[in-house]
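S.K.: Sharing a structure, written as structure tokens. Questions coming.
The values are calculated or read from the model by the stated rules, or taken from the named source; none is laboratory data. Predicted model, so just to flag it, every value in this text is computed and none were measured. No Cβ is skipped: glycine too gets one built from the backbone with ideal geometry, and neighbour counts run over all protein chains shown. SASA here: full protein model, heavy atoms, side chains in, ligands and nucleic acids out. Shrake-Rupley method; radii C 1.70, N 1.55, O 1.52, S 1.80 Å.
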Amino acid sequence: MAATCAAIVDDEPPEPLRPQKTCYEVNGVTLSVDGYAYRQDPRGGNLSAHGKATGEAFWPASRLLMDHLVRDCELLKDGRPRRVVELGCGLGLAGLVAATMLGATKGSECVLTDGDAGVVARARASANNARGHTAPVSCVEHRWGEPHDLGRFDVVLAAEVLYDPDVALESSNAL
């Protein structure tokens, strides 16, 4: 008995992207970032089908990371200066939560990094909007596997950055 296979071709254009403002309150400060609504696309496209980077959406695990920082991360609550880096920051909200928790703690700093210049620009705009409520924040384009001189950090943040097995080695080298 011969089997027949038919290719399933989805010629439908992807659904339009929906702009989304995502907010999170910490220490009486409401932080917000502008991006796009995340949605699972069975074709694998999601944002890339629209010419956007994956970091231009707010990913679900970011909220879990922020909740952990606020509820359980003693390193950000002990009043000591900390250097924090967020790898693959996307919109940068988790890093901004950390920076807000550090507040005016002298010597603290938060560095938001991403490999896409447009994503870094979005994170920078969000950091500028939060200025005055956070420890100093800088936003840097950094591609894993490339040399960098960002210094040493006390806290490293990352959420949903290992969705591509090809970047696992580069991400571990970034640490």
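S.K.: Tell me, which residue of region 47-70 that is at pLDDT below 85 and hydroxyl-bearing (Ser, Thr, Tyr) is nearest to Glu86 (Cα to Cα)?
M.R.: Thr54
The rows are residues; the columns are (1) of a type in the set (A, V, I, L, M); (2) farther than 21 Å from Ser172 by Cα.
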site	(1), (2)
Tyr38	no, yes
Phe58	no, yes
Asp72	no, yes
Pro81	no, yes
Val84	yes, no
Gly88	no, no
Leu91	yes, yes
Asp114	no, no
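So that you can scan it fast, the table gives a plain yes or no per residue for (1) without any contact (Cβ under 8 Å) to a residue 40 or more places away in the chain; (2) out of contact with any Ser or Thr (no Cβ under 7 Å at 6 or more places or on another chain):
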residue	(1), (2)
Arg82	no, no
Gly107	yes, yes
Ala121	yes, yes
Ala125	no, yes
Pro136	yes, yes
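S.K.: Oh, and also: Examine region 32-46 for a residue that is modelled with pLDDT under 90 and basic (Lys, Arg), and state whether such a residue exists.
M.R.: yes
S.K.: Right, something else. Quick check on my filter: what residues within region 159-171 are open to solvent by 100 Å² or more (accessible area, probe 1.4 Å) and touching a residue at least 24 places away in the same chain (Cβ under 8 Å)?
M.R.: Tyr163, Leu169 - these are the residues of region 159-171 that are open to solvent by 100 Å² or more (accessible area, probe 1.4 Å) and touching a residue at least 24 places away in the same chain (Cβ under 8 Å).
S.K.: Give just the number: which of (1) of a type outside the set (Lys, Arg); (2) within 17 Å of the chain's Cα centre (by Cα); (3) closer than 17 Å to Val33 by Cα does Val167 not satisfy?
M.R.: (3)
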